[in-house]
Structures are given as structure tokens and as C-alpha cells.
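Here's the structure we're looking at; comments come further down.
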Amino acid sequence: MDAKTNDKPDLRTLPKVDELLQLAVQANVRQDAPRAVLRSAARRVVDALREDLKGGKPADMSKNALLFRFEKSVQAQREHSLGRAVNATGVVLHTGLGRAPLSQAVAKAMVDAAGPCALEIDRDSGERGHRDHVVSELLRELLQVEDGTAVNNNAAATLLSVNTFALGKEVIVSRGELVEIGGSYRMPAVVERGGAKLIEVGTTNRTRLQDYKSAVGPRTGLIMKVHTSNYRIHGFAEEASLEELVQLGREAGIPVVHDLGSGLLTKALAPALADEPTVAESVAAGPDVILFSGDKLLGGPQAGIIVGRRAALAAIRGNPMFRAMRLDKIIFAALEQTLRIHLEGEAASAIPALERLNLTFETLQNRAVALAAKIAAAAPELGADVRESLSEAGSGSAPTIGLKTACVTFAHRKDAAASFAQKLRMSTPAVFARVRDGRIWVDPRTLAPGDDEIIVNVLKSIL
Ligand SMILES: *Cc1c(COP(=O)(O)O)cnc(C)c1O
């Protein structure tokens, strides 16, 4: 401790917040911003300098350096934190970047709904209606189910299902399907918080129909089959099919819920994701309720889609928790438009997530060559080239499948790749790329129209 005292940085050299503000007035730096913004920007600069000093980093406290940091801090504070970003990672459904990218048509539907819209009014009669009735009708038409609705996300849909069918009762789930999706979302905890008791059956790798049969009793409220979205069990493995569970549920008078997660409607929409189960297959098996996300392979906004039998949906709508998980009008507008695109048979090309998953290697290679040439012209020192790699579906969809792609890679002679990648992330718009083998990798698969130009401009401004 004593030795350290001598090394203690001299914090007296730090400028005071008011001194920095005064400096900015004198130099007329960002005096257009409101006083409160300027003050908190100045405070952040002083805080950051203090951290630098404490961490033993050299802190430049010249007038110019202070004003430069101050100006950046004001700018950062006024920038929209959820402004446009570039996804160059090659992960199509990137949870960190907001999962499914929405099309212009869907974005327009959201803007149109921003003002007054007929959310809960039947236009024909002028009477009060239900906010989910259009989405319900579209789901029925699209999936040939008896009824459907949507809540905040699939996690909410799962919790709601458990709570509706098994409050104070038991939920039977295979030990091979007790998934953790991320964060604190773990199936056993969801069942418990839904007010039910989890009955685990089978083993991690093998669960048979007989295991479920033995567990069914007077206290059983629900049989749940969960798609193991983000992992696969290979080798000596066996599971009861959804058809078998539906049959068992019918015989025992117990509802069966299929938590499908990813929500790929049909195989034809993304043929490369060969082992991804589809909503169509699940509907054919006939469980009482099927759950899937709106922002995974459906390619729409965040939502939890609930489809299935009329009586089951009526029970779900009757649960007071349903109201607590309902969607806002902007999301309903986006979901409606997404479902219309599917219904019109345009999804494979007009839903950006699906379009990107389906891009061929040849197309990607051409795009990569074109982008590499633009980067080489604007910044020859980066040594841009084209290299083969694999893209991913992301968000736990088809976790074992890599999609062949061609990336633009580059590196800066003096700046390490991780540090250069940070500069890309901190740019406006923010650019998110992968770092591998000491280089930055830009995968054209996940780029939106116009992103090439943004990347070139951002590189120019960094250099
Ligand atoms: C992704 C997933 C969830 C969670 O869905 P959110 O829409 O992110 O809440 C639940 N169950 C399964 C099987 C999933 O794949």
C-alpha cells in the first residue's frame, strides 16, 4: 500500500468542469448545444481523464486536447444511440444488432402507424375491436391454423402458455430440451415463474414416448416440446416426435405446446438451413399451440407468435397476463406487413433476412470483389483482398450450419485489428465487422443497399 501511495496520480492537475465549460465558451466550441448537454459532456470528459490518470495512462491536458475531447463528447451525447448501423459481421440475425433487419415496406408501415390508426376499432361498424384481429386473420390464412395472435416475444409466449395451461400443475419437458436461450432465459426457470412445476423426463440424449407416458398423471397441466434452437445432440440420441406427443396429449386430455423458437415457415424459404424444423411441419403434427419468434427466421419485428387450436387460443387470450404482454401499434403494423409479404409469396426475396440467407456464393463473391476495389481505391494502405469464409444464420437458428461466403478483409499497418474494429464501431454510422487472423472481415451477405459507400466513407474518415 505504501509503495503505491507514491505512484498515486496527481488529480489536482485535472481541470474542473466549470473551467472546461469556460474554455469552450472562449473558443466558441459547440455553443449551439443546450447548457445541460454541455455541462454533462464536460463532466464526462473530466471523469474520463480522471480514469486515465488513475489507470496510469498519459492524459493530454493541453487546451486543444481538452477541447477536442469536449467536442466529441457533446457530439456523442447528441447522437441517436439507436441510429443506423452497418452489419458486416456475416451473422444475419444478429441479436446484438437487433436481429431481423426490416425492409423499406415494413418500415413504411411502421411510419404510417405512427399517428392515429385503426388499432382497436372495427372500421365497418365503428365499434371497439380487438388489436390482434388483423394479425390473427393473416396467421390463419398463412398457416392454415384455427387461430393465432402475437405477444411481446417468444419468451413471453412461453411464460404465458405455461401460466395459462399449468398454473399450480405440472409441465412435462424432456431433459434433452431444457434450453437456455441467453441471459436468464432458462426453461426450468420460465416454468417455475409461470407458476408450474417442471417434470423432467428421459435423459439428455434419449427421451422416449414411454418416458412422457409414465410422467402423465392427474396433476399434469401441459406437455411441452422445445426446439433445441442453439444446440444439437448428435450420436446416440432419440426423442419422441411431436406427432407422438400430440397423440398422447389427446388420449390424456392434456394440451401440447411446441416451442419452435426460430419460426422458419417452410423449408423452401431457406433451403440452406437443412436441419431447421418449420412451422408448416409443426402445424401438420397438430399440437394445441405453436410458439415462435417474430424477429428470427420469420424476418419481422420482435414478437412472440402464438398459433394453434381455437380453444387453446381463447384460454391464452383470457389470461390476465396476456394484456401485460401485448404489442404496441408500431409492432403490429410491422408484423402485419411482414405477414402480408409472406402471404403474397414474396418472402424469399422481400424479407431481408431470408433474402440474405439465400444469397449465392457467386453473388457474394462479385459484391466482395467490387467492395474490395472501392476500398483499395480509397485506402490502398489497407491492403484489401477477398477471402472465403462462412456466414451464420444467428439468433440460435441452424447453429451447426455455415453458409459459404466471400469477405473483404483488410488490416492497418500500425493499428491492431481489434483497435481498428473499435474505431469502426465508434464511427457514424457504426460499422460492426469481424476480427480474425489480425484482419478486419467484412461479409457482404449482411450488408444493406448503400452500405458499401458508408464503409468506404467511414474508412476514409478514420484514416
Ligand atoms: C429464441 C427462442 C426463444 C426466445 O425467443 P424471443 O423471441 O427471443 O423471446 C424461446 N424458445 C426458443 C426455442 C427459442 O429458440
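The values are calculated or read from the model by the stated rules, or taken from the named source; none is laboratory data. From a predicted model like this one, the values you see are computed outputs, not experimental measurements. When we count neighbours, we look across all protein chains shown, and the Cβ atoms used for this are built from the backbone with ideal geometry, even at glycine. Accessible surface is based on the protein model in full, side chains and every heavy atom, while ligands, DNA and RNA are left aside. Shrake-Rupley method; radii C 1.70, N 1.55, O 1.52, S 1.80 Å.
Quick notes on this one:
- Calculated SAXS-style log₁₀ I(q)/I(0) at q = 0.17, 0.20, 0.23 Å⁻¹ - region 159-259, Debye, Cα scatterers: -0.70, -0.98, -1.28
- Theoretical ellipticity at 222 nm over the chain - DSSP helices of four or more residues, -39500 (n - 2.57) apiece, nearest 500: -12500 deg cm²/dmol
- Solvent-accessible area of R44, all protein chains in place: 130 Å² (probe radius 1.4 Å, heavy atoms, ligands and nucleic acids excluded).
- Peptides 72-85, 266-279, 179-192 ranked from most to least packed give 266-279, 179-192, 72-85, packing being the mean of other C-beta atoms within 10 angstrom over each peptide's residues.
- Three principal axis extents of the chain based on alpha-carbon atoms, in descending order, are 80, 61, 49 Å.
- Violating pairs (Cα-Cα greater than 29 angstrom) within the set K72/K329; K63/K423; K374/K423; K225/K329: K72/K329; K225/K329
- Compared with the alpha-carbon gap, the fully stretched path from R39 to A107 is longer by 20.9 nm at 0.36 nm per residue.
- Amide H within-cut-off set for E170, under 5 Å, with H built and near neighbours excluded: K197, T220, G221, L222
- Taking only protein heavy atoms and a 1.4 Å probe, the accessible area of the chain is 52% carbon and sulfur.
- 5 angstrom amide H check on A150, placed H, neighbours 5+ away: I306
- DSSP-defined antiparallel bridges as percent of all bridges, region 70-226, nearest 5: 35
- Convex hull (Cα only) mean projected area of region 252-397, reported in nm² to one decimal: 12.2
- Put a dot 7 Å past the Cα of D32, heading toward its Cβ, do the same for E19, and the two dots end up 3.0 nm apart.
- With each label modelled as a point 7 angstrom along the Cα→C-beta vector, the F361-A311 pair spans 5.3 nm.
- Gain upon complete extension [E453, K72; 0.36 nm per residue less C-alpha separation]: 134.8 nm
- Distance histogram in 5 Å bins (all Cα pairs of region 98-207, percent per bin): 2, 10, 12, 15, 16, 14, 13, 9, 6, 3, 1, 0
- As a size descriptor, the averaged projected area of the C-alpha convex hull of region 51-104 was calculated at 6.4 nm².
- Tail weight of P(r) past 18 Å, computed on alpha-carbon pairs of region 1-119, percent: 67
- Binning the C-alpha pair distances of region 322-396 at 10 Å intervals from 0 yields a P(r) profile of 15, 27, 26, 19, 11, 2 %, listed from the shortest bin outward.
- Accessible surface, 1.4 Å probe, highest first, among residues C407, C117: C117, C407
- Each residue of region 217-232 was assigned a 3J(HN,Hα) from its phi angle through the Karplus curve 6.51 cos²θ - 1.76 cosθ + 1.60 (θ = phi - 60°); the sequence is x, x, 8, 6, x, 7, 10, 10, 10, 10, 6, 7, 3, 9, 8, 10 Hz, with glycine and proline shown as x.
- Relative contact order (%) - the chain, alpha-carbon pairs under 8 angstrom, separation at least six: 18
- Peptides 138-149, 252-263 ordered by average Cβ neighbours within 10 Å, highest first: 252-263, 138-149
- Against the empirical curve 2.2 N^0.38 Å, the C-alpha radius of gyration of region 306-463 lands at a ratio of 1.37.
- Distance distribution P(r), region 266-352, all Cα-Cα pairs, bin width 10 angstrom from 0: 15, 43, 34, 8, 0 percent.
- Whole-angstrom gap from region 84-102 to region 302-376, using each part's C-alpha centre: 13
- In summary, the convex hull built on the alpha carbon positions of region 175-317 has an orientation-averaged projected area of 9.1 nm².
- Legend: translational diffusion of region 82-161 by Stokes-Einstein, Rh = Kirkwood radius over C-alpha pairs, 20 °C, 1.002 mPa s; D = 136 µm²/s.
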